[in-house]
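Notes to accompany the following structure.
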Amino acid sequence: MTPRLRVTIKTSYGAVEVSGESPEEVLEGLGWLTHELISQIYERASEATAFETEDNLKGIIRVDREGPTIVSHEELSHYEAIGLILYAMKNYEATSKQIRERLVSSGKKVTVAARLHEMRNRGHVFKPEKKGSNYKLTSRGVKWIEDDVLARLSSLE
């Protein structure tokens, strides 16, 4: 009996597994993992975790029709403020204009373009292909917000 071959790809939202009886079957399965399919999986996973995210942000960010507003009175760096806004946005993604508007509504004065450039260099954000001026948190950026920024702010509440 031939052992089943299995390839697991870890992503920011979980793991995707492709398996088959032969190398050809595994390669065929990997061929199905198009950018469109991965985007749809990510979209559905994001929707499922949206409620959990709202609980994590209670007392730190308020999300309404206009978008997220930072309500925490704790001292935040410019990077943390931008990261929190992106974290609260759908798919962790927004244009620099949207980020600036949400920061202004939060009473934060931040030079957004310069900070986003520095955050790109740190590996916290990237510009998705074909999305124009959008910026998105990387999996490293999401981990930084959850493990460092939110953990610190939650412990102060």
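At a glance:
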| item | result |
| --- | --- |
| Number of positions in region 97-123 that are within 16 Å of the chain's Cα centre (by Cα) and either touching a residue at least 60 places away in the same chain (Cβ under 8 Å) or buried (at least 19 other Cβ atoms within 10 Å of the Cβ) (or both) | 4 |
| Index of the failed condition, TRP144 passing every other in (1) exposed (fewer than 14 other Cβ atoms within 10 Å of the Cβ); (2) modelled with pLDDT of 90 or more; (3) part of a helix (DSSP H, G or I) | (1) |
| Of the criteria (1) in a helix (DSSP H, G or I); (2) hydrophobic (A, V, I, L, M, F, W, C); (3) within 23 Å of ARG62 (Cβ to Cβ), which one ALA114 fails | (3) |
| Verdict on LYS90 being without any contact (Cβ under 8 Å) to a residue 12 or more places away in the chain and among the basic types (Lys, Arg) | no |
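Listed here are the residues, each with its yes/no results for (1) outside any helix (DSSP H, G or I); (2) within 23 Å of ARG62 (Cα to Cα); (3) out of contact with any helix residue (DSSP H, G or I) (no Cβ under 8 Å at 6 or more places or on another chain).
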{"site": "GLU75", "(1), (2), (3)": "yes, yes, yes"}
{"site": "TYR79", "(1), (2), (3)": "no, yes, no"}
{"site": "LEU86", "(1), (2), (3)": "no, yes, no"}
{"site": "ASN91", "(1), (2), (3)": "no, yes, no"}
{"site": "ILE99", "(1), (2), (3)": "no, yes, no"}
{"site": "GLY107", "(1), (2), (3)": "yes, yes, yes"}
{"site": "ARG120", "(1), (2), (3)": "no, no, yes"}
{"site": "PRO128", "(1), (2), (3)": "yes, no, yes"}
{"site": "GLY132", "(1), (2), (3)": "yes, no, yes"}
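The values are calculated or read from the model by the stated rules, or taken from the named source; none is laboratory data. Predicted model, so just to flag it, every value in this text is computed and none were measured. Cβ: placed from backbone, ideal geometry, glycine included. Neighbour counts: every protein chain shown.
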